[in-house]
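The values are calculated or read from the model by the stated rules, or taken from the named source; none is laboratory data. Fair warning: this is a prediction, and the values are worked out from it, not measured in the lab. Reconstructed Cβ throughout: ideal geometry from the backbone, glycine too, with neighbour counts over all protein chains shown.
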Amino acid sequence: MKLVKVIGSVTSTIKDDTLKGFKLLMVNTVGTDLRSTGDYYIAADTVGVGEGELALIVTGSTAKQTEATKGKNIDAAIVAKVDRINLEK
Amino acid sequence: MKLVKVIGSVTSTIKDDTLKGFKLLMVNTVGTDLRSTGDYYIAADTVGVGEGELALIVTGSTAKQTEATKGKNIDAAIVAKVDRINLEK
Amino acid sequence: MKLVKVIGSVTSTIKDDTLKGFKLLMVNTVGTDLRSTGDYYIAADTVGVGEGELALIVTGSTAKQTEATKGKNIDAAIVAKVDRINLEK
Amino acid sequence: MKLVKVIGSVTSTIKDDTLKGFKLLMVNTVGTDLRSTGDYYIAADTVGVGEGELALIVTGSTAKQTEATKGKNIDAAIVAKVDRINLEK
Amino acid sequence: MKLVKVIGSVTSTIKDDTLKGFKLLMVNTVGTDLRSTGDYYIAADTVGVGEGELALIVTGSTAKQTEATKGKNIDAAIVAKVDRINLEK
């Protein structure tokens, strides 16, 4: 999984039928300091996270194996909302 | 998915039979400022996007699961045209 | 596999059901000097490693094939604790 | 797919049996200016391209799905020779 | 495939059962000048290569399809020893 911050969303009218109904969030991978590490993904939200929140995404074929995304043409999905990061002292 | 901007296309005469009939678009991954983040893909267009437009691509095995790309030797496909990016204030 | 150092963990209450019960460790890919090479993963621990230790992760579909992770929506898993790195002289 | 330039080839005597018979080309990913973007692949040639030419590669499981590469332990294959790149003005 | 140089190995006592018996080599991706391009992998050796030698690795699901690695939780495997790199003049 990758730790990401939700930074926005995208709106799309013309799209693959299987993408309909998903909230497509724009997320940024972040490191321990919660700053961007430079990678962006558009991920289908399967758990309900808000903008500015931290989350975990799965990518590739794993993104098509949640209850919500089975059989959908999705390769990035949010699977957890992150409450806290605990760093080694 | 990755947010991309369509920047051109490629023409190919000698190619795998399963690639025939697809428009092969050259796309650039972009960040929130819509500037290139440095990655290029050649993606099969499955929804009809024009040059200069924003789109979403899927990569890997997901790219072979749209109606149009099933059984094709394709690992990058455009699955949505992006109308608007909504960024967190 | 990727050589990583365990640098922390994440806590998540709202998450995909199949992620429940896993310790989700934050890891950093490292090179021969054991310094970060810049990539972070959140990996499900399947062997029991502690913070600050070196480990191996598998990613993608392989991460779903250990005894512990079969059928889970996991795309990064720790599969070995590393005792020693032996470098060519 | 990735746009690449063929820059050479590798010779290997000791190798996995399924790799025998393939021309293993060394390729460089390129951007719109046809300069290297820094990634190298060794790709099995399935269409017949020469050194210095532009081509498209597929990677991952897709590389094992052409007529020539089915059942082979290959994760990068050349699937098209590129005649022309058409860039947005 | 990726061109790599074998730079060492890792020793691990506590690990996934399916990893037992494999020599786990630390490898560095290299470019045409044989210098590191910055990526490290820990790869299961399936052909017998020594430290300092050049080799080809496959990654992802392909790494689980050699005779030696079928059914193993491995996502990077050495599949060829490279004798010579032939570069375009």
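Annotations
- Members of region B:55-70 that are among the aliphatic types (A, V, I, L, M), over 23 Å from D:Asp33 (Cα atoms) and more than 7 Å from chain A (Cβ to nearest Cβ): B:Ala63, B:Ala68
- Residue list for region D:71-89, filter: farther than 19 Å from E:Val79 by Cβ, at pLDDT 95 or above and not aliphatic (A, V, I, L, M): D:Lys81, D:Asp83, D:Arg84, D:Asn86
- The residues on offer are A:Gly38, A:Gly52, A:Gly21, and the sole one that is within 13 Å of chain C (Cβ to nearest Cβ), surrounded by fewer than 17 Cβ atoms within 10 Å (Cβ to Cβ) and within 19 Å of B:Ile85 (Cα to Cα) is A:Gly38.
- Matching residues in region C:24-40 - criterion: being within 14 Å of the chain's Cα centre (by Cα) and either of a type in the set (Asp, Glu) or assigned to a loop (DSSP other than H, G, I, E, B) (or both): C:Asp39
- Selection of region C:9-54 for residues being in contact with a Phe, Trp or Tyr (Cβ under 7 Å, 6 or more places away or on another chain) and either of a type in the set (Lys, Arg) or over 19 Å from A:Leu3 (Cα atoms) (or both) yields only C:Gly31.
- Residue check for D:Gly21: part of a loop (DSSP other than H, G, I, E, B) and farther than 30 Å from B:Leu54 by Cα: yes
- Within region E:1-17, considering residues that are within 8 Å of chain C (Cβ to nearest Cβ) and among the β-branched types (Val, Ile, Thr), the one surrounded by the fewest Cβ atoms within 10 Å (Cβ to Cβ): E:Thr13
- Residue within region A:82-89 that is of a type in the set (A, V, I, L, M), crowded, with 21+ Cβ neighbours inside 10 Å and within 11 Å of the chain's Cα centre (by Cα) present: no
- Looking across A:Ala68, A:Ala43, one residue alone is modelled with pLDDT of 95 or more, part of a strand (DSSP E or B) and either touching an Asp or Glu at 6+ places or on another chain (Cβ under 6 Å) or over 10 Å from C:Asn73 (Cβ atoms) (or both). It is A:Ala43.
- For D:Thr32, the test of being within 12 Å of chain B (Cβ to nearest Cβ) and at pLDDT below 95 is passed.
- Condition met for E:Val27 (in contact with a Lys or Arg (Cβ under 8 Å, 6 or more places away or on another chain), more than 7 Å from every other protein chain (Cβ to nearest Cβ) and either under 30 Å from C:Glu67 (Cβ atoms) or of a type in the set (D, E, K, R) (or both)): yes
- Matching residues, region C:1-10, being over 24 Å from A:Thr69 (Cβ atoms) and assigned to a strand (DSSP E or B): C:Lys2, C:Leu3, C:Val4, C:Lys5, C:Val6, C:Ile7, C:Gly8, C:Ser9
- Matching residues in region A:46-65 - criterion: being farther than 21 Å from C:Thr69 by Cβ, of a type in the set (A, V, I, L, M) and part of a loop (DSSP other than H, G, I, E, B): A:Val49
- Number of the condition not met by A:Gly21 [criteria: (1) more than 27 Å from C:Ala77 (Cα to Cα); (2) touching a residue at least 12 places away in the same chain (Cβ under 8 Å)]: (2)
- Those residues of region E:71-89 which are more than 16 Å from E:Asp17 (Cα to Cα), more than 7 Å from chain D (Cβ to nearest Cβ) and hydrophobic (A, V, I, L, M, F, W, C), in sequence order: E:Ala76, E:Ala77, E:Ile78
- Sub-7 Å Cβ pairs linking a first residue in region B:57-84 that is closer than 19 Å to E:Ser61 by Cα and touching a residue at least 24 places away in the same chain (Cβ under 8 Å) to a second residue that is of a type in the set (Ser, Thr, Tyr) and part of a loop (DSSP other than H, G, I, E, B), at least 6 apart or interchain, are B:Asn73/D:Thr66, ordered by first then second residue.
- For region E:71-89, filtering for residues that are outside any loop (DSSP other than H, G, I, E, B) and touching a Phe, Trp or Tyr at 6+ places or on another chain (Cβ under 8 Å) leaves 1.
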